[in-house]
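The values are calculated or read from the model by the stated rules, or taken from the named source; none is laboratory data. Computed from a predicted structure; not experimentally measured. Quick reminder, even Gly has a Cβ in these numbers, built from the backbone with ideal geometry, and neighbours come from all protein chains shown. Protein only, heavy atoms only, side chains kept; ligands, DNA and RNA dropped before computing areas. Shrake-Rupley method; radii C 1.70, N 1.55, O 1.52, S 1.80 Å.
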Amino acid sequence: MERVETRELEYFVAVAEELHFGRASDRLGIAQPPLSRAISRLERRLGVQLFERTSRRVALTDAGTTFLTQSRKALRAVDTAVLSAQRTGRPHRLVIATRPGVGPGLLANTLRAYRRQPGAAEVQVIFTQDPLQEVHTGTADVALICGRNDLTDLTTTEIAEEQTVALLPTDHPLAARPFITTHDITTDPTYRPACAPTDTLDQLVEEVSLGHRIVTVGATATTRTGPLITAVPVIDAPTTHLVLAWHPETPPTTRTSFTRTTQSTAAPHPNLLPQPAATA
């Protein structure tokens, strides 16, 4: 039997997911007639009908449903093979993705310590709002993130925990207290959580210094504040976790060394609670 090409699988999956040849052709960037011919040709080669077509609807047959599951697996396998080759081909280069403001000071100190090591890889840092996507697509080898969410298919090592603090204007009524509670924060009319994907630390600091907002962040953020802002511990707030995440196919040589350097750098940091060193 002839082998099915990757492009044919991509065509089939697009039609199967859209259940509409017009939308699938738009998604693939090709005209509809060639797409229809490609699907018909694929069905003839397989010897089974993949779609039931009428003038009103397109639906998968039982054979089509089974073929969709296996086609997705095959395309993922191709993607994994490409990522493995790319990562193996750059064993002496490490690309780190992170959001601006995550663990301020920790990354800079880690890079300084890592680059002093004999045989250290060339390091590139990508600042992005979605560092995990950069790892999933193979653009980055490792992501430094805040939190543990959305880590499907990735391997992780927890680097440290940050105490939660509230950033307040120095003239705010709560700024003189040695500590505050989440109730103190959430009942304040200027409180807004720092959860929007587009929120950057610099933006938050600017809004707080102008008196437009108070916010809770990890304690390392205090390295980026200034004389117009006071950081007060929030005693009943959960700690924030700093995590390194990477694709399982990432070659371990340089990544392991960088992970250990990050852990050792976090250990003496005054605003971090280091985690036990883990084998990366």
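For segment 8-31, state whether one or more residues are within 18 Å of A74 (Cα to Cα), among the hydroxyl-bearing types (S, T, Y) and modelled with pLDDT of 90 or more. For segment 8-31, residues within 18 Å of A74 (Cα to Cα), among the hydroxyl-bearing types (S, T, Y) and modelled with pLDDT of 90 or more: present.
The set of residues in segment 45-60 being assigned to a helix (DSSP H, G or I) and surrounded by fewer than 15 Cβ atoms within 10 Å (Cβ to Cβ) consists of R45 alone.
May I ask you to verify whether T128 is open to solvent by 20 Å² or more (accessible area, probe 1.4 Å), of a type in the set (V, I, T) and touching a helix residue (DSSP H, G or I) at 6+ places or on another chain (Cβ under 7 Å)? Answer is yes for this residue.
Working carefully through the options T170, T216, find the one that is touching a Ser or Thr at 6+ places or on another chain (Cβ under 7 Å), within 18 Å of V234 (Cα to Cα) and at pLDDT 90 or above.
Unique residue meeting the criteria: T170.
Taking the condition buried (at least 18 other Cβ atoms within 10 Å of the Cβ) and in contact with a Ser or Thr (Cβ under 7 Å, 6 or more places away or on another chain), does L42 pass? Here the answer is no, as L42 does not meet what is asked.
Which residues, taken from segment 170-216, are open to solvent by 10 Å² or more (accessible area, probe 1.4 Å), in contact with a helix residue (DSSP H, G or I) (Cβ under 7 Å, 6 or more places away or on another chain) and not in a loop (DSSP other than H, G, I, E, B)? Within segment 170-216, Y191, L201, V205, T216 qualify. The set of residues in segment 225-241 being modelled with pLDDT under 85 and crowded, with 17+ Cβ neighbours inside 10 Å consists of T225, T240, H241. A single member of T65, T98, T155 is modelled with pLDDT of 80 or more, within 30 Å of A24 (Cα to Cα) and of a type in the set (V, I, T), and it is T65. Pairs are defined by a Cβ separation below 6 Å, a sequence spacing of at least 6 or placement on different chains, a first member in segment 216-233 that is within 23 Å of A160 (Cα to Cα), and a second member that is of a type in the set (D, E) and open to solvent by less than 50 Å² (accessible area, probe 1.4 Å); the pairs so defined are G218/E162; A219/E162; T220/E162.
If I filter segment 145-163 down to residues being within 30 Å of T190 (Cβ to Cβ) and buried (at least 20 other Cβ atoms within 10 Å of the Cβ), which single residue comes out as nearest to the chain's Cα centre (by Cα)?
Taking the candidates together, the pick is I145.
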